[in-house]
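Have a look at the structure below before the remarks.
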Amino acid sequence: MPHTADEIELMLLGTGTSAGVPMIGCHCAVCESADPHDKRSRPSALVSYDGVRILIDTSPELRLQCIANHIDMIDAVVFTHAHADHVMGLDDVRRFNAMSKRSLDIWANEQTHAALERCFGYAFLPPGEGPKVFRPMLVKRVIEGPFEIGSQAWTPVPLIHGEWNVLGFRIGRLAYCTDVSRIPDKSWDLLRDLDVLVLDALQPRPHPQHFSLDEAVEAAQRIGARQTLFTHITHYLPHAETNARLPPGIRLGFDGERVVVKP
Ligand SMILES: [Zn+2]
Ligand SMILES: [Zn+2]
Ligand SMILES: [Zn+2]
């Protein structure tokens, strides 16, 4: 983990769509592929800099993702939106509370907090309140505009995800934009001069809630980050074959991939 403010590390913990790859009951070539890059757990990422580690989303595979990637501590969680594939691992952060003996800041907009409250209300109760069980100790932090975690500012990037409004995030010259079917006019400016962009690219066919591969390439080229990594990927995109035909500087990410960005 970078311990200075002049480096931001991004680790992709999960690059799969909501069903994951392999999918339950599917025996296609990608679901049965021997290439480890074709194993995609549900979408989440870890951003580290200057001694702090921040999870973006808590996928249902959070526990396995932390173990696989030797993530022994986190300092905060930031949520893009409250769909099940992005939030259902939240209970697992109780291990971090137990080890650090501290509560964890949970950053999300009001709409996402309302959904978190319905599923995980017990985890936001003040210490000493609620049932005496091994539970997460969480502190609600509301995203209303740019906010700071440690030495870096996080800028929310409003995105359209089908009928939902969700958030991407920009941290220095890094941006993480999962679950997007359209980038609103005002958000393009927030994505200028990027070193690394992570962007939704679901599948070859168009989809009402996600960029298709062609739409993602078009958006990535307009944004013009030095490097673009695609995420939220279905079993319709074999890793090696797809990467071989993507333009330079644009490729599918994979679970466990790390990139370092200069802020
Ligand atoms: Zn999703
Ligand atoms: Zn399949
Ligand atoms: Zn979603």
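The values are calculated or read from the model by the stated rules, or taken from the named source; none is laboratory data. Nothing here was measured: the structure is a model prediction, and the numbers come from that model. Here Cβ is always computed from backbone atoms with ideal geometry, including for glycine, and neighbour counts include all displayed protein chains. Protein only, heavy atoms only, side chains kept; ligands, DNA and RNA dropped before computing areas. Shrake-Rupley method; radii C 1.70, N 1.55, O 1.52, S 1.80 Å.
Please check which bits of segment 210-252 a label hung off Arg258 would reach, taking the label as a point 7 Å along Cα-to-C-beta and the cut-off as backbone N under 15 Å. No residue qualifies, since no backbone N sits under 15 Å from the label point. By the rule of a C-alpha distance below 13 Å, with chain neighbours fewer than 8 residues away ignored, the aspartates and glutamates paired with Lys39 are Glu61, Asp255, Glu257. Once the Cα atoms are used to define both axes, helix 110-120 deviates from the longest principal axis of the chain by about 70 degrees.
Each 5 Å bin, from zero up to the one with the longest distance, holds this percent of the alpha carbon pairs of segment 41-116: 3, 16, 29, 28, 16, 6, 1. Solvent-accessible area of segment 158-239 (1.4 angstrom probe, protein heavy atoms only): carbon and sulfur portion equals 46 percent.
Where both residues lie in the chain, what percent of DSSP beta bridges are antiparallel, nearest 5? Once the DSSP bridges in the chain are tallied, antiparallel ones form about 55 percent. Largest GNM mean-square fluctuation across His235, His83, His27, computed for the chain with C-alpha springs under 10 Å, falls on His27. What lysines could a cross-link reach from Lys140, if we take a straight Cα to Cα line under 24 Å and drop same-chain neighbours fewer than 8 places away? Result set, ordered by chain and number: Lys101, Lys132.
Write out the trypsin sites (Lys or Arg not before Pro) in segment 114-217 meeting two conditions: DSSP loop, and at most 16 other Cβ atoms within 10 Å of their Cβ.
Lys132, Arg192
For the chain, the convex hull spanned by the alpha carbon atoms encloses 124 Å³ per residue.
Around Trp188, what is the net charge, scoring Lys/Arg as +1 and Asp/Glu as -1 over all other residues with Cβ under 14 Å from its Cβ?
Charge balance near Trp188 sits at +1.
Counting only protein heavy atoms and a probe of 1.4 Å, the accessible surface of segment 28-132 is 56% carbon and sulfur.
Using a probe of 1.4 angstrom and keeping all protein chains present, the accessible surface of the chain works out to 44 square angstrom per residue.
Cross-link reach is defined here as a Cα-Cα straight distance under 27 Å, omitting same-chain residues fewer than 8 places apart; for Lys262 the lysines meeting it are Lys186. If R0 equals 51 Å, the separation of the Cβ atoms of Asp189 and Arg245 corresponds to a calculated FRET efficiency of about 0.95. Label zone (Arg118, point 7 Å along Cα-to-C-beta; backbone nitrogen cut-off 15 Å) within segment 52-85: 81-85. Here the extension length gained between Glu218 and Trp164 equals 17.3 nm, from 0.36 nm per residue of separation less the Cα-Cα distance. Between Val30, Val133, Val21, the Gaussian network model of the chain with springs among Cα atoms under 10 angstrom shows the greatest mean-square fluctuation at Val133.
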